[in-house]
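These notes concern the structure reproduced below.
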Amino acid sequence: MNIEIINIGDELLIGQVINTNASWMGEQLILSGFRAGQFTIISDSREHILEALAGAEKRAQVVLISGGIGPTRDDITKHTLCEFFNTRLVFNEEAYRDVEALFARRGYPVTELNRLQAELPETCTGIPNKLGTARGMWFEKDRNGGGKTIFISMPGVPFEMKAMMTDYIIPRLKERFNTPYIHHKTILTQGVGESFLAARIESWENALPTHIKLAYLPQPGIVRLRLTGEGKDEKILHQQIDSEVVKLQGLIPQYIFGYDLDTLELVVGKLLKERNATLATAESCTGGTIAQMITSIPGSSAYFKGSVVAYSNEIKEHILGVSPETIEKYGAVSKETVTEMAIGLQQRFDADYAIATSGIAGPDGGTAEKPVGTTWIAIAAPDEVFAEYYLFGDSRERNIRRTSLQALNLLRKKLLQ
């Protein structure tokens, strides 16, 4: 079965708002056994809406539409749907009672614009909106050659759309269509590029059963490997995918740091907590990014002591105790400096572990000897201090992200020794 998603809004086309609705809808559909065949973004114009609906009708059995059904005059989707389905708006008493109840809870009177939200196309089935005033609309239209195309219009407000999808639309679609069970398992890797990783696991990938597919999902510093299996028996499918994950663990154990919704900061936090150990960070090129990642985890105060953003040499020397001679001889971006940063931080914060970073994030500041992307990361542990050298790319944002992830992964590996 083919499903098409249409997102309406000028703000999406000009980049003012990121289209998170499409990615969320696509994810929820695949988790429920459905597949989206096409995503379309269009402007708030009658011509574009009619053209998109007519095209989707030829391709899809289900068309999901979000956006353009609010109370303001630039929201024209509802009127355009009436034109497409050759129907008219009628006042819906049940919808109006919901609008009245919502405004009463908020302590406001119902305005004329909001009263219009209770008008729905006569031929649609209204979908309740527990979180807003705009009801969803479910249409069914006969297709040439038999069968029906289902059109479902929802608000563009993400939390309203998500509630409709979760509570009403997906359950009703599952009742209507017989879908297979789909199971995803995501393996998270760090410290290896996509092409190198693909070469390492090529034989394993080629031997996967035909009903289990592998997708590479790279981002700066991390490559996610997503296994997707499709079948009729949920238990058997889980067992088959688990078996493939075990095989993969044997091939690349040094690169796997977690699964599914894990993050490096979450994994590191759990390890520190299990070992009753503490951590502090001294960050130059990462500018506090590692500390922010760590403290984004609830309960991190149990193991994280604090951070020093040591951007200047003065702070490296006066706060962390780095020798001026070290910086003068080796430079701020060097094994010697970053090692002294980690040792000084560990001592001053009385932390079991310390992470220190120093590098040339870019876009300026590089030299022939130390080009942009040159990075040193040091880890001070109770039993040793070590530093690693990396040469990342020429993008400042990616360099900061990759350094932060690499530092956390170095600490993770040390904690597992």
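Annotations for the structure displayed:
- Going through (1) modelled with pLDDT of 95 or more; (2) exposed (fewer than 14 other Cβ atoms within 10 Å of the Cβ) one by one, Ala368 falls short only on (1).
- In a residue-by-residue description of segment 219-236, the property of being closer than 23 Å to Arg402 by Cα, touching a Ser or Thr at 6+ places or on another chain (Cβ under 6 Å) and surrounded by 19 or more Cβ atoms within 10 Å (Cβ to Cβ) applies to at least one position.
- When residues of segment 293-310 are limited to those that are assigned to a helix (DSSP H, G or I) and surrounded by 22 or more Cβ atoms within 10 Å (Cβ to Cβ), the one nearest to the chain's Cα centre (by Cα): Met293
- Flag if Ile327 is surrounded by 15 or more Cβ atoms within 10 Å (Cβ to Cβ) and more than 34 Å from the chain's Cα centre (by Cα): yes
- Scanning segment 52-69 for any residue that is outside any helix (DSSP H, G or I) and without any contact (Cβ under 8 Å) to a residue 40 or more places away in the chain turns up nothing.
- Extreme residue, nearest to Pro128 (Cα to Cα), among residues of segment 148-194 that are polar (S, T, N, Q) and more than 22 Å from the chain's Cα centre (by Cα): Ser153
- Set Thr72, Thr80: member being on the phi < 0 side of the Ramachandran plot and either without any contact (Cβ under 8 Å) to a residue 24 or more places away in the chain or outside any helix (DSSP H, G or I) (or both): Thr72
- If the condition is being within 20 Å of Met164 (Cβ to Cβ) and outside any helix (DSSP H, G or I), then segment 90-103 contributes only Asn92.
- Residues satisfying the stated conditions in segment 150-177, i.e. of a type in the set (Val, Ile, Thr) and either touching a strand residue (DSSP E or B) at 6+ places or on another chain (Cβ under 7 Å) or buried (at least 24 other Cβ atoms within 10 Å of the Cβ) (or both): Ile150, Ile152, Ile169
- Scanning segment 262-285 for residues that are outside any helix (DSSP H, G or I) and of a type in the set (Lys, Arg) yields a count of 1.
- Residues in segment 50-75 that are under 18 Å from Leu116 (Cβ atoms) and either touching a Gly at 6+ places or on another chain (Cβ under 6 Å) or not assigned by TED's automatic domain parsing to the domain that holds Ala118 (or both): Gly67, Asp75.
- Restricting the first member to segment 249-273 and to residues that are under 22 Å from Ala199 (Cβ atoms), and the second to residues that are of a type outside the set (A, V, I, L, M, F, W, C) and assigned to a loop (DSSP other than H, G, I, E, B), the beta-carbon pairs closer than 7 Å and six or more apart or on different chains are Tyr255/Gly191.
- For segment 330-342, residues that are within 16 Å of Ile379 (Cβ to Cβ) and surrounded by fewer than 19 Cβ atoms within 10 Å (Cβ to Cβ) total 2.
- Candidates Glu47, Glu27 - the one that is within 18 Å of Thr166 (Cβ to Cβ), surrounded by fewer than 16 Cβ atoms within 10 Å (Cβ to Cβ), among the charged types (D, E, K, R) and in the same structural domain as Glu119 (by TED's automatic domain parsing): Glu27
- The set of residues in segment 118-140 that are in contact with a Lys or Arg (Cβ under 7 Å, 6 or more places away or on another chain), more than 23 Å from Gly26 (Cα to Cα) and either outside the structural domain of Thr20 (by TED's automatic domain parsing) or surrounded by fewer than 18 Cβ atoms within 10 Å (Cβ to Cβ) (or both) contains only Glu122.
- Scanning segment 104-120 for residues that are without any contact (Cβ under 8 Å) to a residue 24 or more places away in the chain and part of a helix (DSSP H, G or I) yields a count of 5.
- Within segment 394-417, being touching a helix residue (DSSP H, G or I) at 6+ places or on another chain (Cβ under 9 Å) and surrounded by fewer than 14 Cβ atoms within 10 Å (Cβ to Cβ) holds for one residue alone: Leu416.
- In segment 384-403, the residues that are assigned by TED's automatic domain parsing to the domain that holds Thr367 and on the phi < 0 side of the Ramachandran plot reach residues that are in a loop (DSSP other than H, G, I, E, B) and hydroxyl-bearing (Ser, Thr, Tyr) with C-beta atoms within less than 8 angstrom, at least six apart or across chains, in these pairs: Ile400/Thr286; Thr403/Thr286.
The values are calculated or read from the model by the stated rules, or taken from the named source; none is laboratory data. Worth saying up front: this structure is predicted, and the values here are computed from it rather than measured. Positions of Cβ are backbone-derived with ideal geometry, glycine not excepted, and every protein chain shown enters the neighbour counts.
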